[in-house]
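**Student:** Quick one: structure below, then a few questions.
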Amino acid sequence: MNHERNNPNGLLNKFKLWACREREETRILLRCIPSAVVSLFVVSVICMNLLANKTLVQTKWIALDGGILISWLSFMCMDIITKYFGPKASNKIAVLASAINLLTCLIFYIASIIPSNARDYTALNSILGGTWFILLGSTVAFLASAVINNFLNWIIGKSFNKNPDGKLAYAARTYISTFIGQFFDNLIFSIIVFVVFAPIFWNGFYWTVWQCVACALTGAVAELLMEVLFSPMGYRIVTKWKKLKVGEEYLIYIKGDKQ
């Protein structure tokens with residue numbers, strides 16, 4: 001260990017080897033994973049960021065933003081990817097979706113500052129331009145919740161030793177991981193946006209910590225119900241992938257890499 005610390009070239013070579021291996025693994029994953037699921041995932045993340053700018057309900061005890069209408073789809077896509085390709089692959093796709101979302105927001109922002117004589121100019125700018133701390137909150141919350149969701153999904157699935165590919169195992173891993181992941185997604189986002197930044201930049205508008213917790217819990221329940229409704233479709237997708245041996249190149253690659 002001391003020899004490695006005193007040999008920066010050795011550490012650099014190890015890092016380069018790791019980076020090359022990760023780049024090759026990601027390249028194979030993107031070639032193997034079905035594009036429809038990735039596309040739905042990316043679109044849901046972008047829409048979730050846009051809808052987060054609108055508060056749907058705000059009372060003394062509860063507050064909900066528009067992101068709740070679409071966030072269930074991103075978690076369902078992550079559950080499908082985690083079940084078939086593993087949590088690491090799902091985390092990689094989550095990072096990819098976040099990067100595309102940030103690029104989209106940059107393009108939207110550039111479009112919003114270009115002068116226009118259209119009558120809906122101001123209204124459209126407010127949608128396209130967005131708010132920087134909402135983007136910050138949604139990105140941090142999504143990435144954190146994605147790691148939580150994917151890790152829990154994988155751990156719960158590993159506990160079903162007798163029939164890991166059965167409907168009960170799929171339901172348990174998706175329902176539990178989605179509820180907990182969504183709770184932390186909503187909670188982290190609400191605290192960053194409505195507790196930390198909104199009182200400063202939105203003329204005193206804010207949510208209480210209790211509203212954030214209630215929003216996180218209510219949103220998690222609502223999104224869990226959507227997961228229950230659509231999870232049979234996710235199970236059929238995973239079953240079909242296995243039957244057709246989808247992404248076999250990636251599965252063989254990571255199996256060999258672990259040995």
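**Student:** Please give the FRET efficiency for ALA144 paired with ASN9, using the beta carbon to beta carbon distance and R0 = 41 Å, rounded to the nearest 0.05.
**Tutor:** The pair ALA144/ASN9 has a calculated efficiency of 0.70.
**Student:** For labels at LYS167 and LEU56 in the simple 7 Å Cα→Cβ model, what's the distance in nm?
**Tutor:** 2.8
**Student:** Also, I was wondering about something else. How many nm is it between the label spots at ALA36 and TRP18, if each spot is 7 Å from the Cα in line with the beta carbon?
**Tutor:** 3.8
**Student:** Can you tell which of PRO87, PRO115, PRO164 shows the greatest fluctuation in a Gaussian network model of the chain with Cα springs below 10 Å?
**Tutor:** PRO115
**Student:** Give, rounded to the nearest 20 debye, the magnitude of the charge dipole that region 36-258 has about its Cα centre when Lys and Arg contribute +1 at Cβ and Asp and Glu contribute -1 at Cβ.
**Tutor:** 740
**Student:** At 0.36 nm per residue, and after removing the present C-alpha to C-alpha distance, how many nm does the segment from PHE160 to LEU217 gain when stretched out fully?
**Tutor:** So the chain would gain 17.8 nm between PHE160 and LEU217.
**Student:** Please work out whether region 131-259 counts as rounded, prolate or oblate from its C-alpha gyration tensor, where a ≥ b ≥ c are the square roots of the eigenvalues and a/c under 1.5 means rounded, while otherwise a/b larger than b/c means prolate and anything else oblate?
**Tutor:** Because a/c hits 1.5 or more and a/b exceeds b/c, region 131-259 counts as prolate.
**Student:** What's the longest uninterrupted piece of the chain once you rule out the trypsin sites (Lys or Arg not before Pro) that are loop residues per DSSP with at most 12 other Cβ within 10 Å?
**Tutor:** The longest uninterrupted stretch comes out as 163-244.
**Student:** Which entries of LYS162/LYS255; LYS88/LYS240; LYS14/LYS243; LYS92/LYS158 show an alpha-carbon separation above 32 angstrom in the structure shown?
**Tutor:** LYS14/LYS243
Where a number appears in this text, it was derived from the coordinates with a stated rule and is not lab data. All values derive from a computational prediction rather than experimental measurement. Counting neighbours? That spans all protein chains shown, and the Cβs are built from the backbone with ideal geometry, glycine included.
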